[in-house]
Amino acid sequence: MEILTCIKQVPGTSEVEVDEKTGVLKRDGIDSKMNPYDLYALETALRIKKEKEANLKVITMGPPQAKQIIEESFMMGVDEGAIVSDRKFAGADVLATSYTLSQGIKKMGNTDLIICGKQTTDGDTAQVGPEIAEFLNIPHVTNVTKIIEVKGESIVVEVDMPNTLEVCEVEYPCLITVEKGIFQPRLPSFKLKLQTKDKQIPMYSLKDFEDQDENNYGLNGSPTQVLRIFPPTSNNDKEVLRGNAKEVTDIVVNKLKELKLV
């Protein structure tokens with residue numbers, strides 16, 4: 001069985017500046033860490049790996065220094081890892097990011113089960129996992145809170161829906177995204193660190209992909225663009241709006257117009 005987990009390096013602090021021209025985060029010089037939600041996906045994958053004696057791979061998209069989180073995953077028990085990195089991928093929105101990762105996953109070879117965290121702490125869209133599945137043309141299930149059974153041809157999971165808990169069985173190949181708290185993530189092992197310190201981490205760029213059309217990646221392949229980013233006002237500066245529903249609505253609309261948001 002082949003399992004793959006998508007992981008991401010995110011800023012280790014909320015004090016991150018935004019590029020006014022592109023609307024993307026300025027990550028240079030910022031301490032980074034593995035996306036906390038991905039730790040739950042990794043732990044889920046590691047438990048299935050042990051149960052089924054599977055091969056576990058990870059993939060990440062980012063600058064070359066993102067290899068740090070792949071090395072961290074090796075210290076937890078991951079077998080293989082790869083980085084998707086190219087300046088042509090810079091500025092990608094969730095759609096372009098998902099497409100790029102799908103190309104990287106194809107490059108890594110056949111995969112039965114892809115496991116992603118629910119979302120990332122720097123984007124919070126929760127869209128990348130499902131969009132990867134769509135680009136790979138495989139079924140997916142989100143908001144998984146429990147792995148009920150891992151079968152030879154399918155996986156049975158519990159899904160947290162808005163008003164119900166549902167049980168789904170999905171055939172391989174498929175993708176699932178797991179909720180925070182599905183398992184308690186393990187800590188990296190110093191013993192595994194020594195054993196994997198020389199493990200090779202391939203880096204894929206656009207020229208390695210099946211689709212080499214630059215218009216499908218980075219800013220060129222991003223249908224959504226950030227028009228304006230501004231810090232939220234302090235809680236101490238709250239303005240209380242008074243009036244009936246229509247009056248309050250008119251006040252809000254006028255303020256949005258002042259900010260040129262409508």
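The values are calculated or read from the model by the stated rules, or taken from the named source; none is laboratory data. In this text the structure is predicted, and so the values were computed from the model without any measurement. Every residue, glycine as well, gets a Cβ built from its backbone with ideal geometry; the counts of neighbours run over all protein chains shown. In case anyone asks, the SASA skips ligands and DNA or RNA and just uses the protein heavy atoms, side chains included. Shrake-Rupley method; radii C 1.70, N 1.55, O 1.52, S 1.80 Å.
List of remarks:
- Charge dipole magnitude, Cβ of K and R +1, D and E -1 - segment 23-114, Cα centre, debye nearest 20: 220 debye
- In segment 134-210, the portion of solvent-accessible area held by carbon and sulfur atoms comes to 50 percent [1.4 Å probe, whole percent, DNA, RNA and ligands not counted].
- Taking every C-alpha pair closer than 8 Å and separated by at least 6 residues, the mean separation divided by the residue count of the chain gives a relative contact order of 24 percent.
- When peptides 54-63, 192-201, 143-152 are sorted by average Cβ neighbour count within 10 Å, with the highest value leading, the order is 54-63, 143-152, 192-201.
- Table column - 3J(HN,Hα) (Hz), segment 151-156, Karplus curve with 6.51, -1.76, 1.60, x for Gly and Pro: 9, x, 10, 7, 10, 10
- For the pair Asp213 and Asp122, label points projected 7 Å from Cα toward Cβ lie 2.8 nm apart.
- Highest-MSF residue in the chain out of Lys88, Lys33, Lys207 [GNM, Cα springs under 10 Å]: Lys207
- Solvent-accessible surface of segment 107-262, averaged per residue with a 1.4 angstrom probe and all protein chains in place: 69 square angstrom.
- In this structure, the amide hydrogen of Val84, modeled 1.01 Å from its nitrogen in the peptide plane, lies closer than 5 angstrom to those of Thr60, Met61, Gly62, Tyr204, counting only residues at least 5 positions away or on a different chain.
- Taking each residue as 0.36 nm, the span from Met203 to Val253 lengthens on full extension beyond its C-alpha to C-alpha distance by 13.2 nm.
- GluC sites (Glu not before Pro) within segment 36-144: DSSP coil, no more than 15 neighbouring Cβ in 10 Å: Glu53
- Only one residue of Ile114, Tyr99, Ala66 has its Cα farthest out toward the positive end of the dipole of the chain, where Lys and Arg carry +1 and Asp and Glu -1 on Cβ, and that residue is Ala66.
- Comparing mean-square fluctuations of Ile138, Ile182, Ile251 from a GNM of the chain with C-alpha springs under 10 Å, the top value falls on Ile251.
- Among Asp250, Asp211, Asp79, the largest mean-square fluctuation in a Gaussian network model of the chain, built with springs joining Cα atoms closer than 10 Å, belongs to Asp250.
- Percent RCO, i.e. relative contact order, over segment 55-104, from Cα pairs under 8 Å lying at least 6 residues apart: 43 percent
- Sites Lys193 and Leu227 - FRET efficiency at Förster radius 41 Å, r taken between beta-carbons, to 0.05: 0.40
- Computed on segment 142-181, with alpha-carbon pairs under 8 angstrom and 6+ residues apart, the relative contact order is 42 percent.
- If you take the Cα centroid of segment 90-150 and the Cα centroid of segment 170-207, the two points sit 14 Å apart.
- Nonlocal amide H pairs with Ile114, under 5 Å, H built at 1.01 Å: Leu4, Cys174, Leu175, Ile176
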